[in-house]
Each structure stands twice: as C-alpha cells, then as structure tokens.
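A.B. asks: Handing you this structure, nothing more for now.
The values are calculated or read from the model by the stated rules, or taken from the named source; none is laboratory data. This structure is a prediction, so every number in the text was calculated from the model and none was measured. Glycine gets a Cβ as well: all are built from the backbone with ideal geometry, and neighbour counts include every protein chain shown.
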Amino acid sequence: MTEESKSIEPSAGNESDGSQAVQTQRRIIKHDNQTYSWTGKRWIDIETFTSPPAMIVDQLDAILLPILLEEDEKISDVQQLLDRAKEARDQKQHTRTESLARKILLLAPGNFGAMAILCSCLRAVGKPEEALKASESHKMVEYPPVILTRAAALCDLGRWEAAMIEVRKVLAISKKHSSWGYVNSQAPKLLNRIKTIRPDLF
C-alpha cells in the first residue's frame with residue numbers, strides 16, 4: 001500500500017495544537033484508487049454513495065484507528081472525550097473505549113457517563129466482575145445508565161436476584177423522571193432477560 005493509497009483528510013472541523021480543536025466526525029480517505037468518506041458512523045464510497053464491502057471497511061478502520069488514538073492523546077476536554085468514547089463504543093473499539101473512559105475518570109472522577117461506558121465496555125469483553133468492581137463506588141447514585149449496566153453485569157454472572165434489585169431502582173427513578181428515554185428502552189430488556197431465567201422473581 002502506498003502513502004497515496006491511504007491518505008487521510010479531515011472533511012469537517014479544524015485541527016490545531018489546542019486539544020479542544022480536534023474534530024474527527026468526518027473523514028475523507030483515499031485507498032487503492034477509491035475515495036471513501038467516514039461519517040462518524042459508517043464508511044461511504046463517495047462515487048457510488050454505497051457502503052464498501054466488509055473487507056474494505058476493515059482496511060479503512062485499520063487506517064483510521066491510529067489517527068484517532070493519536071488525537072485521543074491530545075484531548076483534555078471531558079465532553080469531547082466522552083463523545084469520542086461513545087463513538088468508539090458504538091464501533092466496538094473496546095480497547096480504545098476503555099482507554100478513553102478511564103482517561104475521563106482521571107480528569108473527572110465523578111463522571112457517571114464515563115463510568116457507564118467503562119462498565120459497558122468491560123462487559124462487552126467478557127469481564128462483568130471487573131465492571132461491577134469499577135462501578136462499586138457509584139452503585140448508590142441515581143443514574144440509570146450506571147445502574148442498568150451493573151444490572152446487566154449481574155445477569156452475566158447469574159446473580160438474578162441482585163440484578164432485579166438494580167432494575168427496580170431504575171423503575172423507581174423513572175417515576176420521577178419519566179422523560180428519560182434510556183430508562184424506558186433498557187429496563188424492560190433486562191426484565192425480560194431476568195424473567196426468562198427466573199420467572200419466580202415476578
């Protein structure tokens with residue numbers, strides 16, 4: 001692969017020495033005489049406006065990842081790091097997601113969003129015990145994403161009664177904050193998972 005075949009150009013935002021200026025939502029990558037756009041969610045062939053084959057997607061991801069990691073190191077703004085952590089989680093970049101979440105927690109130890117992402121990431125790589133341990137100091141907070149991630153980790157471990165207690169916490173919170181769509185969409189899924197294995201808890 002030549003240097004020309006993997007050239008990368010940001011197509012939105014600016015990049016400068018200041019960490020707050022780094023933007024990575026959109027990219028243009030020239031690869032093997034084709035030009036692709038990264039939208040922040042998926043790759044698009046800019047000539048055909050279609051998604052490239054899976055093999056090409058893997059190659060494009062491999063080209064882009066080192067650039068993203070380098071940018072991650074330069075950023076110190078918590079919200080920007082959180083946005084990038086969410087994007088990395090959605091792209092199943094587990095190592096990068098964990099690194100970003102832990103960096104946020106070093107900068108802002110009480111950041112519940114980062115804790116939820118970290119726990120979700122640890123679960124995704126088969127470490128539910130570590131997810132529970134990491135969130136132990138946050139288990140009393142009224143923040144549904146953290147509580148639900150802990151509940152899911154408990155389900156992973158077969159601790160159904162404890163998982164049910166966590167979900168019930170979220171249902172109680174939802175009565176006070178009925179507009180929280182996250183609560184409404186995630187809690188029922190966990191309830192169904194618990195009910196499938198332990199119908200006696202209902």
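A.B. asks: Among the residues of the stretch 75-104 satisfying the criterion of being of a type in the set (A, V, I, L, M, F, W, C) and assigned to a helix (DSSP H, G or I), which is surrounded by the fewest Cβ atoms within 10 Å (Cβ to Cβ)?
C.D. replies: Restricting to residues being of a type in the set (A, V, I, L, M, F, W, C) and assigned to a helix (DSSP H, G or I), the top hit is 78.
A.B. asks: Have a look at 60, 68, 82 and point out the one that is more than 15 Å from the chain's Cα centre (by Cα), within 23 Å of residue 124 (Cβ to Cβ) and at pLDDT 90 or above.
C.D. replies: When all the criteria are applied, what remains is 60.
A.B. asks: Provide a single number: the residues in the stretch 47-72 that are in contact with a helix residue (DSSP H, G or I) (Cβ under 9 Å, 6 or more places away or on another chain) and within 22 Å of residue 107 (Cβ to Cβ).
C.D. replies: Residues in the stretch 47-72 being in contact with a helix residue (DSSP H, G or I) (Cβ under 9 Å, 6 or more places away or on another chain) and within 22 Å of residue 107 (Cβ to Cβ): 4 in total.
A.B. asks: Can you list the helices (runs of 4 or more DSSP H) lying wholly within the stretch 120-202 that have 3 or more residues being among the hydroxyl-bearing types (Ser, Thr, Tyr)?
C.D. replies: 181-197
A.B. asks: Condition check: under 30 Å from residue 63 (Cβ atoms) and either of a type in the set (Val, Ile, Thr) or surrounded by fewer than 21 Cβ atoms within 10 Å (Cβ to Cβ) (or both). Does residue 107 satisfy that?
C.D. replies: Here the answer is yes, as residue 107 does meet what is asked.
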